[in-house]
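Report on the following structure.
The values are calculated or read from the model by the stated rules, or taken from the named source; none is laboratory data. Note that the structure is predicted; figures quoted are calculated from it, not measured. In this analysis, Cβ positions are derived from the backbone assuming ideal geometry, glycine residues included, and neighbour counts consider all displayed protein chains.
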Amino acid sequence: MAQRSSSVKNRRMHEVKLSDGIVTLSPLRLDEAEAHLAGEDEQLVRWLSGDPGTREGVEAYIRHCLEQWDTVGPLRAFGIRVGIDEALAGTIDLRFTAEGLSPGQVNIAYGLYPSWRGHGLATRAVILVCRYATSQGAKQAVIQVEPENAASSAVADRAGFTLDKHQHGADGTRLDWYIRDLRTDTQ
């Protein structure tokens with residue numbers, strides 16, 4: 001009986017779907033590797049992944065994300081989807097454990113493909129994922145942004161985050177930490 005209960009819970013985790021009527025978030029799927037690679041550009045590589053993706057690498061990452069959903073791990077990776085056909089417009093990751101996070105904090109990282117930028121979709125996705133994080137017990141959301149990444153800083157501002165501190169990552173990169181208190185969330 002315990003096995004069946006676990007299986008039902010895992011299936012429910014894969015069926016998570018969040019929407020505000022414009023943007024829909026749901027777990028990444030393995031058949032989206034090509035769409036992700038097609039959407040990757042210099043900005044996504046610079047600000048998010050660090051290296052250009054390969055089909056094998058993207059598929060391995062999506063498999064890891066699916067495993068995290070199956071095991072209710074600390075990573076929840078969503079595809080950002082738009083329109084009736086839910087076209088993949090980018091990704092947003094929620095990490096319940098990461099370097100420098102305090103208990104109750106969750107890290108948010110996001111990226112949109114070039115043709116979807118400038119329409120407020122990342123802000124909508126961040127607000128949706130904050131609601132999900134709150135439902136999972138998170139108390140505070142963190143967005144870490146390199147100071148030169150003005151677009152990402154603007155998303156944090158529009159999504160109700162406040163610049164909290166400047167810090168250096170493990171690799172020495174300077175990061176601005178934007179914080180949003182989820183306990184008093186009204187968005």
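Annotations
- Condition met for residue 152 (over 12 Å from residue 108 (Cα atoms) and among the polar types (S, T, N, Q)): no
- Condition met for residue 155 (part of a helix (DSSP H, G or I) and touching a residue at least 12 places away in the same chain (Cβ under 8 Å)): yes
- All positions within segment 108-130 that are surrounded by fewer than 22 Cβ atoms within 10 Å (Cβ to Cβ) and modelled with pLDDT under 95: 109, 113, 114, 115, 116, 117, 118, 119, 120
- At least 3 residues being touching a helix residue (DSSP H, G or I) at 6+ places or on another chain (Cβ under 7 Å) and of a type in the set (A, V, I, L, M) is the threshold, and among the strands (runs of 3 or more DSSP E) wholly inside segment 23-142 those reaching it are 75-82, 87-95, 105-112.
- Members of segment 51-68 that are more than 19 Å from residue 35 (Cβ to Cβ) and touching a Pro at 6+ places or on another chain (Cβ under 8 Å): 68
- Filter result for residue 145 (closer than 22 Å to residue 97 by Cβ, at pLDDT 95 or above and of a type outside the set (Gly, Ala, Ser)): no
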